[in-house]
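What follows draws every value from the coordinates through simple rules; no lab data is involved. For clarity, every value in this text was computed on a predicted model and none was experimentally measured. A quick note on method: Cβ atoms are made from the backbone with ideal geometry, for glycine too, and the neighbour counts reach across all protein chains shown.
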Amino acid sequence: MRTLRILRRRRALLNCAPISRDHLADRSMRAAVSREDGSDEFVNQQNFDRAVAEVVRLVPIPPESAEWFLDKEAIRPPKWTWRRIVLNPAVLAISIALLVIAGVFAFQVLSRLDDFPGSATAR
Amino acid sequence: MSDRKQNLPQLYRFCFLMLGDARKAQEVFNTTLREAAAHAAQGELPKEPFWLFREARWRCLEASKTDLQPEALEIEEHDIAPQAASQIKQLEPTQLAVWVSAAPDPQRTALALFYLDEFDYLEILDIAELKLSTLSRCLAQGRRQLQAWLDAKHHGASNA
């Protein structure tokens, strides 16, 4: 039963085997491909996929759409500015927490400034 | 955002494969990017990778909803032939796009994303929101159906 499941998964992976070697995503895919590499069926499939991908690469891009390629910045998130960093809720919350901690620490130090060894006895 | 995640020529090709029509592809491509630019200006771009492709996919499906839908027929399937690569090389990109766009979804999305040769299978599963078994079935069936179509085309041409 388990073997059947493994074989089915391996078959599924081979059907999705990448066209370029750069897209061998994970270990299971690499293992499935290396096990089948060289078999007639798999070679046919890879040649078929490569030929289709080659035709897709030939899809012409109209000049009106190509204008967007020059203006990639238009769909990038705006750059971080000091104002945006400071107003970021996480940064703001951490800053307030640090201020409170510093305040408590300063209060503790100031209240113990007048202390000396044996001050409790003297009081 | 890395250049791979917003590879705009590939985004246009994806729209073209999904719709099989240059005018419609251009319309969806431009609308998707105009909306993205508007969101970017407000600092509201989605964080997940490949969201542009996901957006374009939904727009393509929406755009083709009003089109005439192919009848649900049993499509012929053939084993991949050794000479398939040379048959495919004779195809025009538009012919291939028309063939892909006529496939029912999710097969259409799977074929379009896969043959862009831009994503690995995990990324395709993520963009198309599919399971491995479904993607595998769509691709295997797609290859066999495309081979049958190529054979019929080749046979028709040689008879003529």
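The modelled label-to-label distance between residue A:66 and residue A:115, using points 7 Å beyond Cα along the C-beta direction, is 7.7 nm. Ranking B:17, B:40, B:94 by Cα position along the charge dipole of the stretch B:1-128, where only Lys, Arg, Asp and Glu carry charges on their C-beta atoms, puts B:40 farthest toward the positive end.
So if I place +1 on the C-beta of Lys and Arg and -1 on the C-beta of Asp and Glu, and nothing else carries charge, what would the dipole magnitude of chain B be about its Cα centre? I want it in debye, nearest 20. The partial results should precede the final answer.
On the way: 18 positive and 23 negative charges, 43 e Å.
Roughly 200 debye, rounded to the nearest 20.
Given an 8 Å cut-off on Cα distances and at least 6 residues of separation, report the relative contact order of chain A as a percent. Walk me through the numbers before you get to the answer.
Working: 20 pairs, mean separation 16.5, N = 123.
For chain A, the relative contact order is 13 percent.
Put a plus charge on the Cβ of each Lys and Arg, a minus charge on the Cβ of each Asp and Glu, and nothing anywhere else: the dipole of the stretch A:1-76 about its Cα centre is then about 800 debye.
Residues of the stretch B:94-133 with the amide nitrogen closer than 17 Å to a label point 7 Å from the Cα of residue A:22, along Cα-to-Cβ, please. Zone members listed by number: B:114-124. Dipole magnitude for the protein assembly as shown: about 960 debye, using +1 per Lys or Arg Cβ and -1 per Asp or Glu Cβ, origin at the Cα centre.
All Cα-Cα separations within chain B were binned at 5 Å from zero, giving a P(r) of 1, 8, 17, 20, 19, 15, 9, 5, 3, 1, 1, 0, each value a whole percent of the pairs. Taking a span of 15 Å or more along the helix axis (Cα atoms) and a mean Kyte-Doolittle hydropathy of at least 0.0 as the rule, the DSSP H helices of chain B that qualify are B:8-19. Measuring r between the beta carbons of residue A:86 and residue A:57 and using R0 = 35 Å, the FRET efficiency lands at 0.15.
Shape summary of the stretch A:2-60, radius of gyration then Dmax from alpha carbon positions: 12.8, 47 Å. Short to long, the 5 Å bins of the Cα pair-distance histogram for the stretch B:64-133 hold 3, 12, 19, 22, 23, 17, 4, 0 percent of all pairs.
Shielding of B:137-145 by partners, i.e. mean partner chain Cβ atoms within 10 Å per residue?
Details: counts 2, 2, 6, 6, 1, 2, 6, 0, 0.
If you average over the peptide's residues, the count of other-chain Cβ atoms is 3.
From other protein chains only, count the Cβ atoms within 10 Å of every residue's Cβ in A:107-115, then give the mean.
Values: counts 0, 0, 0, 0, 0, 0, 0, 0, 0.
That average works out to 0.
Working ranking of peptides A:101-107, A:59-65, B:108-114 by packing, defined as the average number of other Cβ atoms within 10 Å per residue, highest first, is B:108-114, A:59-65, A:101-107.
Shielding of peptide B:47-53 by partners, expressed as the average count of other chain Cβ atoms within 10 Å per residue Cβ, is 0.
The alpha carbons of chain A occupy a box of 97, 55, 20 Å along the principal axes, longest dimension given first. Once Rg and the Kirkwood radius are both taken over the C-alpha atoms of the protein assembly as shown, their ratio Rg/Rh works out to 1.25.
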